[in-house]
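Readers should treat all values here as calculations from the given coordinates under stated rules, not as data from a laboratory. Quick caveat, the model's predicted, so the values are computed rather than measured. All Cβ positions, glycine included, derive from the backbone under ideal geometry; neighbour counts span all protein chains shown.
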Amino acid sequence: MSLLTELRARFAVSLESLGEDPKRWIDQVRPAQSPEYGDYQANLAMCLAKRFARSPRQLAHELLARTELGDLCDRLEIAGPGFINMRIRDEVLEARLTQSVHDPRLGIPLRQQTETFVVDYSAPNVAKPMHVGHIRSTVIGDAICRMLRFVGHRVISDNHIGDWGTQFGMIIYGWRHFADRTNFEKDPLGELGRLYRLVNELAEKDPAVAQAVQTETAKLHAGDPENRQLWQQFMPICLQEIESIYRRLGVTFDYTLGESFYHDRLPALVEDLRRRGIAQESEGAVCIFLEGFKAPMIIRKRDGAFLYATTDLATLIYRMETWQPDWILYVVDHRQSLHFQQLFAAARLLGYDKVKLVHVSFGTVLGEDGRPFRTRSGETVPLEALLDEAVARARKIVDQNDEAKPNGPELSEEERARIAEVVGIGALKYADLSQNRTSDYVFSFDKMLAMNGNTGAYMQYAYARVRSIFAKAGLTPEEVRARDGSITLKTTVERRLGLGILRFAEAIDLALEDFRPNLLTNYLFELATLYSTFYETCPVLQAETPELRQSRLLLCDLTARTIQKGLELLGIGVVERM
RNA sequence: GCGCCCGUAGCUCAAAGGAUAGAGCAUCGGAUUUCUAAUCCGACGGUUGCAGGUUCGAAUCCUGCCGGGCGCACCA
C-alpha cells in the first residue's frame, strides 16, 4: 500500500468513528503543498468543523487523537487554520525503499477491483498519409492503456480505423484516371499517396470530380465488384503504412476493427432501431431524437447512406456484446464532443446505462500560425517525416555530445543511431504527453525537439547517469541488489529523493483518475530533478563509508528503475548511454 | 442565435476548493582537478482577462461582461 493510501486508511477509520462517510472527505488527505509543511497534510478539520460545531483547530486535535499515526509519522503538527501536517518517519521511508529494491513492481500495488476497459484511439483514416494530427490520440491512448494495464485492469485496445470512407473513392477515381502503374509496382504506398493528394486537390476545385468521387465511394459501399476488388488490393498497402509508423512509435493494438468491419451490420441496426421506436424517419432521413439536443442524431441519410454516427453506434454495440466492458474510452479530438454526447445518450437509450462512456478529449494540433493542421489541403507534414526530423535533430545532439567527451568519442555508429531514435521519438511523445490534454497544442519543431528542461531527454539523461555510475563501478544493478545492505536517508537531499521514489504510485493513481498522462510526466520531471540535485551533492562511489555507498547505489538503482518504468508507461524508452 | 472548451510570468505551460500561485524557455549572475555540464545553484519576472457572488479559504465553484477557439439535420 502506498504511503498516501495507508494514511488515508488511518483517517478513514477515525472519520467513520465520527459518523462521517470517509469516501466523501478522504481526498483531503494529500501530499503536502510544500516540503516545509512536512510530507503529507490533512485538510479535513476545516471542511468538517462546521458540521461538528467546533473550531477547525479544535477538530484537528480531536482527529489527531483518534487517528493512529505514531508508527508512520514522527512529527504531527496543526498549523494555520487547522491543517494537520505529517512527516513520515525516516525508518518507514528507509524500510519501504529497501523493500522496493527486490520488488519488480517498485511497490506499486495491483488494483483490488479490476475492471475492463475498451480504449479507442489513434483511428487514422487509412489511404491518406498519417500526419501530425494523428499523433495526440495515438500517444495519449497508448499511455492510458499502458497505465491501466500496469495497475491490473483488463484493457482492450481497438484501433477504429477509417477504412471505408471517401478517401477510397478518391483513390479509386485516381486509379482509374491518373495511375502510374510502373510507379505503383515500385512504390505502391507512394503512388496511392500521390493519387490521394492529386484527386483531393482536383475535387476541391472541380465539383464534377467531387461528384465522381462520391459515386465511386457509393459503388464501393453498394458492393460493386470492381471497386471492392480495388479496395481489397489497396487495403494491405494502407495497413502496412500505418503498421510501420506504429512499430516505430512502439504502439500496438489488440484489435483493428475499422469502419469496414461494421459495414454489413448497419442496415439491420437501423431497421432494428426503427422497430423498437428508438429511431424515426424525418425529412427522409432516419434519426434518433435525443432529449436535450437540438439536432437529432442522423443514422441514415435521405439517399440511404449511413454515417459516422451509425458506425459508431454499431461499434459500441459490438464492443458491449463482445467484451462486456465497464468502461469505453474514446481518445478523440475535442471538436467531436457533441458527437460523443449524442452517441452516449443514444447508448443509454439502448439500455447500456451501466457502462462508463468517456470522451477523453484533447486539444487540436495547431500550426505555428495558430490554425489547425489541415487534413485535406495536402500541405501537412507527414508523420513519417516528422519522426525522421525528430531523430535527425536528436542525432546532431548525440554526435555533438559524444565528440565533446573528455576522453574522445565512446559511441559506435550503431549506438549513436539507436540513441537518436529513442531520444528523438521520446522527445516527440513527451512533448505531447506533458501537456494537459485539454489544451490546444501548438506544434513546433523547436519546442518538441528541445533537449533541455522538462523533456523526455532530461529523464533519459538522468537514467543514463545512473547507469554510468554502475558502469564506472564495474557493477550490475543485480549484483548491488543481491548484496546485504539497506537504504539510509542520510541527508535532506537523499530523503527528498527517497520520498519522491515512493510517490510513484500516487502519480499513477492521479494520472488515471482523469486519464491525464501529463500528471505522470510532472511527477517524473520532479523525480529527475531531485535526482540531479542528489547527483550534484551526494557522491556515490566516493561515499564516506561502504554502507553509505551501498545505500546510495540502491537509491540510484531505484531512481533509474522508477524513471524507466514511468517512461515505459508513457511509451518512451531509455538508453544506457547518451 | 444556441452549446462546449479556453484566458495564469515576456514566451510555452503546471497546479486535487487549501497555507507565500509553481516549472521550463528567454534574460542576468555563479559552479567543472571529483560518478556524463543534455547538469546544478541563484536572481529577475504575477491585480490568475474584468466585475460581482458563494466559502473559514477561490486560478479552481456560481452569475454577468470582455477576448479567443471549436461545434451545432444528412462530412468523418
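Pop a pseudo-label 7 angstrom from the Cα along the beta-carbon direction at both A:Arg276 and A:Asp254 and give the gap in nm to one decimal.
So the two model labels end up 2.4 nm from each other.
Quick check: the angle from helix A:188-205's long axis to the longest principal axis of chain A, C-alpha only, nearest 10 degrees?
70
For helix A:504-513, what angle does its Cα long axis make with the longest principal axis of chain A, in degrees from 0 to 90 and rounded to 10?
Roughly 40 degrees, rounded to the nearest 10.
Cut-off is 10 Å between beta-carbons; in what order do A:Lys294, A:Lys472 appear when sorted fewest neighbours first?
Working: A:Lys294 5, A:Lys472 10.
Taking fewest neighbouring Cβ atoms as first place, the list is A:Lys294, A:Lys472.
Under a cut-off of 15 Å between alpha-carbon atoms, report the aspartates and glutamates in cross-link reach of A:Lys396, not counting same-chain residues fewer than 8 places apart.
Once the sequence-local aspartates and glutamates are set aside, what remains near A:Lys396 is A:Asp388, A:Glu413, A:Glu414, A:Glu415, A:Glu421, A:Asp446.
Sticking with the crude label model, points 7 Å out along Cα→Cβ, report the distance from A:Gln232 to A:Leu189 in nm, one decimal please.
Taking the two extended label points, one gets 2.4 nm.
In whole Å, how far is the Cα centre of segment A:503-578 from that of segment A:49-69?
Centre-to-centre distance over Cα atoms comes out at 37 Å.
For the Cα atoms of chain A, what angle does the longest principal axis make with the long axis of helix A:166-178, in degrees from 0 to 90, nearest 10?
Taking the Cα atoms of chain A, the angle to A:166-178 is about 50 degrees.
Which residues among segment A:6-22 fall inside the zone where the amide N is under 20 Å from a point 7 Å beyond the Cα of A:Glu62, along Cα→Cβ?
Only A:10-22 fall inside the zone, counting backbone N under 20 Å.
Tell me the relative contact order for chain A as a rounded percent, counting alpha carbon contacts under 8 Å between residues six or more apart.
15 percent.
Calculated FRET efficiency, A:Arg154 and A:Glu568, Cβ-Cβ r, R0 25 Å, to nearest 0.05?
Efficiency computed from Cβ-Cβ geometry: 0.80.
Could you list, in their original order, any pairs among A:Lys301/A:Lys356; A:Lys429/A:Lys565; A:Lys354/A:Lys429 whose Cα atoms are separated by more than 22 Å? Each step should come with its number before you reach the end.
Values: A:Lys301/A:Lys356 29 Å; A:Lys429/A:Lys565 16 Å; A:Lys354/A:Lys429 34 Å.
Where the Cα-Cα span goes over 22 Å, the pairs concerned are A:Lys301/A:Lys356; A:Lys354/A:Lys429.
Per 10 Å bin, what percent of the C-alpha pairs of chain A does each bin hold, from zero upward?
Answer for chain A: a P(r) of 3, 14, 21, 22, 18, 12, 7, 2, 0 percent.
If R₀ is 45 angstrom, what is the calculated FRET efficiency for the pair A:Leu110 and A:Arg75, using the beta carbon separation as r and rounding to 0.05?
0.90
If r is the Cβ-Cβ distance from A:Ala450 to A:Leu239 and R0 is 35 Å, what FRET efficiency results, to the nearest 0.05?
Efficiency, from the Cβ-Cβ distance: 0.55.
Within segment A:156-176, which residues have the backbone N less than 17 Å from the label spot 7 Å out from A:Ala305 along Cα→beta-carbon, could you tell me?
A:162-174
Please report the projected area of segment A:213-320's Cα convex hull averaged over all directions, in nm².
9.3
If each DSSP helix of 4+ residues adds -39,500 (n - 2.57) and the sum is divided by the residues in chain A, what number results at 222 nm, nearest 500 deg cm²/dmol?
Per the formula, -18000 deg cm²/dmol.
Which distance in nm do the two modelled labels at A:Ala385 and A:Asp103 give, with both placed 7 Å along the Cα-to-Cβ direction?
For A:Ala385 paired with A:Asp103, the spin-label model returns 4.9 nm.
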